[in-house]
Amino acid sequence: MTINNSNLFYLCSLVEYIARKQKLERKDVINILGKDNINRIYTSADILHSEPIEKISDEYIIYANIPSGNYDNVSACNYAVPDFWTIGKVYERLIEDTFDDSTALSEHISAVYNSWVSEGICNYNSDFYYQPRKYIALCYLENKLIA
């Protein structure tokens, strides 16, 4: 399967936007959305991106009944906070770089967001999220920080 990078980028950026707005961990947003909504967003991203992301996020928050939480990595950041598009790109590249056809794309997306690497990406007080994409992918594949 060939991944549509633009659609994946939009999906990951939308997840980041929703997570920030609802103050949830990214894995919680992915798990609440579920496979069907992940697939729907991914396949419709070329249409969805023509609307403001704020509108689409509100629609999915209501549709998937995504609650508010108290996870606020943005306020906890001591430095410049990367925007949701930047973090969406980090996730998009990680998913793209580690995907193989042995699993469905939605399952791989869920696995990435539920991994320890996702916690590292969301720690804006560390330098992990802006490491080279190959390094982040290798850490994910090796299931550890590579020295």
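The values are calculated or read from the model by the stated rules, or taken from the named source; none is laboratory data. All values derive from a computational prediction rather than experimental measurement. Neighbour counts are summed over all protein chains in view; Cβ atoms, including those assigned to glycine, are modelled from backbone coordinates with ideal geometry. These accessible areas exclude ligands, DNA and RNA; they are computed on the full protein's heavy atoms, side chains included. Shrake-Rupley method; radii C 1.70, N 1.55, O 1.52, S 1.80 Å.
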Quiz item: Gain in length, Asn4 to Asp101, computed as 0.36 nm per residue apart minus the alpha-carbon separation, to one decimal in nm?
Solution: 33.5 nm
Quiz item: How big is D for the chain, in µm² s⁻¹ as a whole number, if Stokes-Einstein is applied with the Kirkwood radius of its Cα pairs at 20 °C and 1.002 mPa s?
Solution: 140 µm²/s
Self-check item: Filter on Lys35/Lys89; Lys27/Lys55; Lys55/Lys144 - keep pairs with C-alpha separation over 28 Å
Solution: Lys55/Lys144
Self-check item: Longest site-free stretch - the chain; sites: trypsin sites (Lys or Arg not before Pro), DSSP loop, at most 16 other Cβ within 10 Å
Solution: 24-143
Quiz item: Gap in Å between the Cα centre of the range 83-147 and the Cα centre of the range 34-50?
Solution: 20 Å
Quiz item: Given the rule -39500 (n - 2.57) for each run of at least 4 DSSP H residues, summed and divided by the residues of the chain, what is its mean residue ellipticity at 222 nm, to the nearest 500 deg cm²/dmol?
Solution: -20000 deg cm²/dmol
Quiz item: About its Cα centre, what dipole magnitude does the range 1-64 give when the only charges are +1 on Lys and Arg Cβ and -1 on Asp and Glu Cβ, stated in debye to the nearest 20?
Solution: 200 debye
Quiz prompt | Low-density loop positions, chymotrypsin sites (Phe, Trp or Tyr not before Pro), the range 22-131 - DSSP coil, at most 10 other Cβ in 10 Å | solution = Tyr79
Exercise. State in Å² the accessible area per residue of the chain; use a 1.4 Å probe, count heavy atoms of protein chains only, and round to the nearest integer.
Key: 52 Å²
Exercise. Would you list the membrane-span-like helices of the chain, meaning whole DSSP H runs whose alpha-carbon atoms span at least 24 Å along their axis and whose mean Kyte-Doolittle value is at least 1.6?
Key: none
Exercise. At 0.36 nm per residue, minus the direct Cα-Cα distance, what do Asn143 and Asp36 gain on full extension? Give it in nm, one decimal, please.
Key: 35.8 nm
Quiz item: Based on the Cβ-Cβ distance of Glu54 and Asp127, what FRET efficiency does E = 1/(1 + (r/R0)^6) give at R0 = 30 Å, to the nearest 0.05?
Solution: 0.55
Quiz prompt | Lys, Arg +1 and Asp, Glu -1 on Cβ, resulting dipole of the range 54-147 about Cα centre, debye, nearest 20 | solution = 260 debye
Practice problem: Only Cα pairs under 8 Å and at least 6 apart count here; give the relative contact order of the chain as a rounded whole percent. | Solution: 30 percent
